[in-house]
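Each remark here refers to the structure printed beneath this line.
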Amino acid sequence: LELNLRPFQSLTSITYKDINSATQTLASTVYQVDDFSFKARIYLGLNQEWPATDSSKNCIIIEGVFGDKQPGFTVRQAIMLIAGSWYRNREDVTETNYKIIPHGAYRLLSPETNRNF
């Protein structure tokens, strides 16, 4: 299973609904996490089997910690551009209309945007 969110920091838990629709937590001995790859992956452990799940949507939930501990230079630059634009044009920005951001900030943030989720 490939995790599309990057950067990966740690895996908190994997929960699933068993065939009786009861929520179970998967033991960490059942799987291994490959966090060395570009995208983190979850593999089945040696001599282990995946548990049977019910056939409903979203029957498996993976919780983890993703993202940088501190924003990078481009993200900080984008935040400063947005704050400066909102201050300079404060009559255009209301409590319900915070979606207007400068094109430069949008361009700075576009590589950081997760388009897979």
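Numerical summary
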{"item": "Folded to 0 to 90 degrees: helix 73-88 orientation relative to the chain principal axis, Cα", "result": "40 degrees"}
{"item": "Projected label distance in nm at Arg6 and Asp54, using a 7 Å step from Cα toward the beta-carbon", "result": "3.6 nm"}
{"item": "For Cα extents along the principal axes in Å, calculated from these coordinates, the label among (i) 60, 31, 18; (ii) 51, 26, 22; (iii) 56, 40, 32", "result": "(i)"}
{"item": "Percent carbon-and-sulfur accessible area, the chain, ignoring ligands, DNA and RNA, probe 1.4 Å", "result": "53 percent"}
{"item": "Peptides ranked, highest mean first, by Cβ atoms within 10 Å: ranges 23-34, 8-19", "result": "8-19, 23-34"}
{"item": "Accessible area per residue in Å² at 1.4 Å probe, computed on the chain", "result": "78 Å²"}
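The values are calculated or read from the model by the stated rules, or taken from the named source; none is laboratory data. The structure presented is a predicted model; accordingly, all values stated were derived computationally and were not measured. Heads up, the Cβs are rebuilt from the backbone with ideal geometry, glycines too, and the neighbour counts pull from every protein chain shown. These area figures cover heavy atoms from the full protein model, side chains too; ligands, DNA and RNA do not enter into them. Shrake-Rupley method; radii C 1.70, N 1.55, O 1.52, S 1.80 Å.
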